[in-house]
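Worksheet for the structure shown next.
Just so it is clear, none of the values below were taken in a lab; they were calculated from the coordinates. Just so it is clear, the structure is predicted and the values come from calculations on it, not from any experiment. Positions of Cβ are generated from backbone atoms using ideal geometry, with glycine treated the same way; all protein chains shown enter the neighbour counts.
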Amino acid sequence: MYRGRCRRFAAGISRGVAAAAIAALMLVLTLPVRAWTPERPVELLVSSAPGGSNDRIARIIQKIAQEQKLVPVPISVINRPGGNQAISRAYINQNPGDAHYLDVGNPTLISNHVSGRQQYGDFTPIALMVNEFTAFSVRADSPLRNAQDLVAQLRKDPESVAVGVSNRGGTNHLALSLLAKAAGIDPRRLKVVVFKTNAEGLTAMLGGHIQLVSSAVATAVGQMRDGKARIISVSAPQRMGGDLAQVPTLREQGFDVSLSNWRAIIGPKGLGAAQIAYWEGVLARVIVTEEWKAVLDKQFWDGNFLRSREFAKYMDNEYAQTKAIMTELGLAK
Amino acid sequence: MELFDNLFLGFSVAVTPANLFYCALGVTLGTLIGVLPGIGAVATMGMLLPITFTLPPTSALIMLAGLYYGSQYGGSTTAILVNIPGTASSSVICLDGHPMAKEGRAGPALVLTTLASFMGGCVAILLIAMLGPPLSEMALKFGAPEYFALMTMALTAAAALAHGSLLKGIAMVVLGMLLGVVGTDVNSGMSRLTFGATSLSDGIHFVVVVIGLFGIGELLRNLEPDAGRQRRKFTSRIPWRDLIPTRKDMRMAWKPALRGLSIGSFFGILPGTGASMASFSTYAIEKKIAKDPSRFGKGAVEGVAGPEAANNACAQTSFIPTLSLGIPGSAAMALMLGAMTIHGIQPGPQVMEGNPELFWGLIVSMWIGNLMLLLLNFPMVGIWVRLLAVPYRILFPAIVMFCAIGVYSLANNPFDLYLVAGFGLLGYLFIKLKCEPAPLVLGFILGPLVEENLRRALLISRGDFSIFVTRPLSLTFLVVTVILLCAVTLPDILRAWRRREAGGKG
């Protein structure tokens, strides 16, 4: 079980994991583990409006689970946008300990705690599904050809490059800030222009109104294929494949920066070991399907399946890095 | 000619029994959700998405697209009949459509909106087919300063929306802008005017405001003791002959419809503006250029035909940036792109070359869909008008229920229902105070966009205001704004001046 209460978040994770491990071990030793299966239709929540990455991943899991009959009951995807994800979190936690309610989580789980913007209750991590990386893209005729060019330009004048992001303090903004920090530039001096959606930022970049867009890789690839834009670097730890095989990572270009906008499945607080195990099992079968793999390629998602416990540990590591850079940006509480 | 080859390819895809069926299904469902107040295309497309998983991609997209543009047809029906817009963009139709119904002319109003929709839709599709890619380049010309100047121009035109006191009109615009900034500020990520309520942190949904102010407010007024007498005229049985518009109506309507579809097509291409802005701007322009603006708000045919053509044209041309740039201009278009990805099509500029049968099949299906909508909506006019004869004690609760379902479907959040109730009371208060809700709605849409783009432009220019006047497009819009301002205020100032002159002599 995972208790992620606000202030105790970072310390709480490891303690919570240890406690959960001991509890699970004791359960195994003392009781025959009773398997859990859903009896009613399952609600898979999406904390944003239809159309984005969170929504897409929920609907693809729904599709595969239905078609392959991995779950004996129907799964419905329900969008409850708002409150920087707090509304959908509050909704699933109306039914603590009930694994008929699932939600798609991403790094906002962490950044909301750091910014003190929201204090939502506990949740149970079930499985990390994919990593989505950030692409830095420029117009095809831009003089910036790689990350070094960008950094050199920023050193000369941090305000000479207007960068479009879709959410201040979001992963794509943090990735850029981490790059600036690694190059010794004050990330607060960057000229960050916030757009409501990545699409609007991309339009402004193609029109030459801003110089760079920091967005999800998949958002930028279409324009790159069409020869209208160039991706100068990605925030992946290793070289990506397909269309991005020619694009060097930040690390390859000498900046020790990698950041993922991961997507995960979480549940309400207080899920039992059998419930977690059930969904881990279902999701583990989703990710081996050909269809899932095809979607990963199309979306430039990096399959990184972590079960509940490893996922909690993963967030623990993410928390420190996120908190550090957000503090630097003045976005931490 | 290449266009004909492409259209031929499109027809060969769209005119298969299966695709015709999905097109018909999409537009029928679209009409239905358009008629039901509040239930929007986005929520319905989201719900239907899982059903399309098993369909071939082209059929799935044909159906989803049909649902979207079909909803624009139906949206004006309830606006005319009961003053509740079925979709956000048809709230303008309330202004003159409902007064027409009150005069017993609901039939002609419905026929006119259907014709205007058809005209708007068809011409916009032709635009997509012939000029799609070059037009998409236009979206790129618009940076933050251009958006700011354009929105300011539209906001100034809003003064034309108010009939009656200009001061009240301005007060309503300002109140609308205030309501519009509720929520998380895009630039800083900070909450504004939310009073700590999580449900307000994403702002107030446009549909909530519109249904409350126009719909519930009007319903409340109809509960007044003497309202029954006023209602008698428009609930009385109307002979079939009176359902069709007169020749005079048609003569008055076609030019506004043409202007409306041009304005609508323009706004459709720009991401982030949308059909509501298109129909509001068209209304403002029609009122400005009318010989007798005082007829507006009392059942002017131009105020119905123009905006209706605009929002349908906008619904069609919004496919241009989506299909040819891979950039969705609205939530509904983002969902279309999402559907494409789930069906294994990488959205983006390469769709047209990589999947020509999908692209042209979809375009041709839109044209067929519009024809179906025309055939579907004409016979319905008689049925809709008869609906008004339903006793109010039955109609009233039914409308409230449908509104509630629609509003809940926006974000599955019960809080929105309380908000609608609150805006309903406010709407009733406005009727009593003789304040027009239309300028408020426009301020609500444009206020946040003006602010967002102003700040974005100044951020890019490092605080230098000259960015607005050194760029030709932006300068043009601002000059037009000044001219509009003069046109609105000069006559009054001159009159006051002359009066003082006269007073001085005497």
Quiz item: Taking the Cα atoms only, what angle lies between the long axis of helix A:53-67 and the longest principal axis of chain A, rounded to 10 degrees?
Solution: 40
Quiz item: Which cross-chain or sequence-distant (5 or more) residues have an amide H under 5 Å from the amide H of A:SER215, H modelled 1.01 Å from N in plane?
Solution: A:ALA135, A:SER137
Quiz item: Among all the aspartates and glutamates, which ones have a C-alpha under 20 Å from A:LYS269's C-alpha, if same-chain residues fewer than 8 places away are not counted?
Solution: A:GLU39, A:GLU43, A:ASP98, A:ASP103, A:ASP122, A:GLU280, A:GLU310, A:ASP316
Quiz item: So if we plug the beta-carbon distance of B:ALA502 and B:LYS434 into 1/(1 + (r/R0)^6) with R0 = 45 Å, what FRET efficiency do we get, rounded to 0.05?
Solution: 0.90
Exercise. Show which lysines lie in cross-link reach of B:LYS255 when reach means a straight Cα distance below 17 angstrom and same-chain residues fewer than eight apart are skipped.
Key: B:LYS287, B:LYS288, B:LYS291
Quiz item: Which aspartates and glutamates does B:LYS298 reach when only Cα atoms under 18 Å apart count, and residues fewer than 8 places away in its own chain are ignored?
Solution: B:ASP96, B:GLU103, B:GLU218, B:ASP249, B:GLU286, B:GLU308, B:GLU436
Quiz item: Out of residues 5 or more away from A:PHE123 or on other chains, whose amide H comes under 5 Å of its own, with H placed 1.01 Å from N in the peptide plane?
Solution: A:GLY4
Exercise. Return the long-range amide H neighbours of A:ILE78 (sequence gap of 5 or more, or a different chain), with a cut-off of under 5 Å between placed amide H atoms.
Key: A:LEU44, A:LEU45, A:VAL46
Quiz prompt | Inter-site label distance for B:PHE4 and B:PHE21 at 7 Å from Cα along Cβ, in nm | solution = 3.3
Quiz item: Extent of the stretch A:134-244 along each principal axis, from alpha carbon coordinates, in Å, largest to smallest?
Solution: 33, 29, 26
Quiz item: With r defined as the distance between the Cβ atoms of B:ASP185 and B:ARG386 and R0 fixed at 51 Å, what FRET efficiency is calculated, to the nearest 0.05?
Solution: 0.55
Quiz item: Quick one: if you stick a label point 7 Å off each Cα along the C-beta vector at B:THR246 and B:LEU371, how many nm between them?
Solution: 3.4
Quiz item: Taking the Cα centre of the protein assembly as shown as origin and charging only Cβ (+1 Lys, Arg; -1 Asp, Glu), how large is the dipole, in debye to the nearest 20?
Solution: 2180
Quiz item: Could you give the nm distance between label points at B:ARG221 and B:LEU131, where each point is 7 Å from its Cα heading toward the beta carbon?
Solution: 4.0
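What net charge is computed for the residues neighbouring B:PHE11, neighbours being all others with C-beta under 14 Å from the C-beta of B:PHE11, Lys and Arg scored +1, Asp and Glu -1?
-2
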Quiz item: If you keep only loop residues by DSSP, which trypsin sites (Lys or Arg not before Pro) in the stretch B:406-465 have at most 10 other Cβ atoms within 10 Å of their Cβ?
Solution: B:LYS434
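Once you charge only the Cβ atoms, +1 for Lys and Arg and -1 for Asp and Glu, what is the size of the charge dipole of the stretch A:134-244 about its Cα centre, to the nearest 20 debye?
Once rounded to the nearest 20, the dipole reads 160 debye.
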Quiz prompt | Where a label projected 7 Å from the Cα of B:TYR418 along Cα→Cβ would reach, residues of the stretch B:173-211 with amide N under 11 Å | solution = B:197-200
Quiz prompt | Signed unit charges on C-beta, dipole axis of chain B, positive-most listed residue B:ALA305, B:THR28, B:MET340 | solution = B:ALA305
Quiz item: Could you give the semi-axes, largest first, of the ellipsoid that matches chain B, computed as the square roots of 5 times the alpha carbon gyration tensor eigenvalues and rounded to whole Å?
Solution: 34, 29, 23
Quiz item: For A:ALA274 and A:ILE78, what is the calculated FRET efficiency with R₀ set at 35 Å and r taken between the beta-carbons, to the nearest 0.05?
Solution: 0.90
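Where the only charges are on Cβ atoms (+1 Lys, Arg; -1 Asp, Glu), what is the dipole of chain A about its Cα centre, to the nearest 20 debye? It would help to have the intermediate numbers written out before the result.
Numbers: 39 positive and 27 negative charges, 137 e Å.
Dipole magnitude for chain A comes out near 660 debye.
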Quiz item: By how many degrees, 0 to 90 and rounded to 10, does the Cα axis of helix A:9-30 deviate from the longest principal axis of chain A?
Solution: 30
Quiz item: Which helices, counted as full DSSP H runs in chain B, have an axial Cα extent of no less than 24 Å and a Kyte-Doolittle average of 0.0 or above?
Solution: B:17-35, B:57-82, B:106-141, B:356-387, B:392-411, B:415-433, B:437-460, B:472-505
